1. Can you tell me which of 69-79, 98-108 comes out highest on packing, and rank the rest after it, using the mean Cβ neighbours within 10 Å?
2. Given points 7 Å out from each Cα along the Cα-Cβ axis, report the T5 to V92 separation in nanometres with one decimal.
3. Under 5 Å between amide hydrogens, which residues at least 5 positions from V109 or on another chain qualify, with H placed 1.01 Å from N in the peptide plane?
4. Net charge around A60, counting only other residues with Cβ within less than 13 Å of its Cβ (Lys, Arg = +1; Asp, Glu = -1)?
5. Once the Cβ-Cβ distance between R83 and A104 is put in as r, and R0 is 25 Å, what FRET efficiency do you end up with, to the nearest 0.05?
6. Which cross-chain or sequence-distant (5 or more) residues have an amide H under 5 Å from the amide H of N58, H modelled 1.01 Å from N in plane?
7. Rounded if a/c is under 1.5, else prolate if a/b beats b/c, else oblate: with a ≥ b ≥ c from the C-alpha gyration tensor eigenvalues square-rooted, which is segment 55-110?
Amino acid sequence: MRIPTLHRYLATLALLLGTAAMAEEPAARPKAAAPAAKPATPSKATPAKGKLKPVDINHATKEELGFMLGVDVGLASRIVANRPYRTKADLVVKKVLSMEQFQALRKRVIAG
């Protein structure tokens, strides 16, 4: 028994539409919500701006200077070694920091 051409065409079309619908089904499903991202912790190199208090360069330890200002241990040691500072500009006057370094740190330090 032969199936007429129209019936064969419709059967093929139904088969193709059925497989296309099945292939699209996973994409149509809503994706599960991603888990909430953990808040980023400030790295030692770049602390969060505006959230930290200014650091007193006359009283802070090397570790505090390193973390709060995001400077390496060598630079923090030089800051501690050249104390006391009358003003924060003394960091440049005493040649502890270059002018570029001072400009980057000047809003985050005080000389108390």
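Coordinate-derived values only; no laboratory data. Keep in mind that this is a model prediction, so the values were computed, not measured. Methodologically, a virtual Cβ is constructed for each residue, glycine included, from the backbone with ideal geometry; neighbour enumeration extends over all protein chains shown.
1. Working: 69-79: 17.0, 98-108: 13.5.
Top of the packing list down: 69-79, 98-108.
2. Distance between label points: 9.0 nm.
3. Under 5 Å from the amide H of V109 lie the amide H atoms of V55, each far enough along the sequence or on another chain.
4. Details: positive: K53, K62, R83, K88, R108; negative: D56, E63, E64.
Spelling it out: positives minus negatives among the neighbours equals +2.
5. Details: r = 20 Å, r/R0 = 0.82.
The computed FRET efficiency comes out at 0.75.
6. Counting only residues 5 or more places away or on other chains, the set is G112.
7. Numbers: a/c = 1.33, a/b = 1.17, b/c = 1.14.
Rounded, because the longest to shortest axis ratio a/c is under 1.5.
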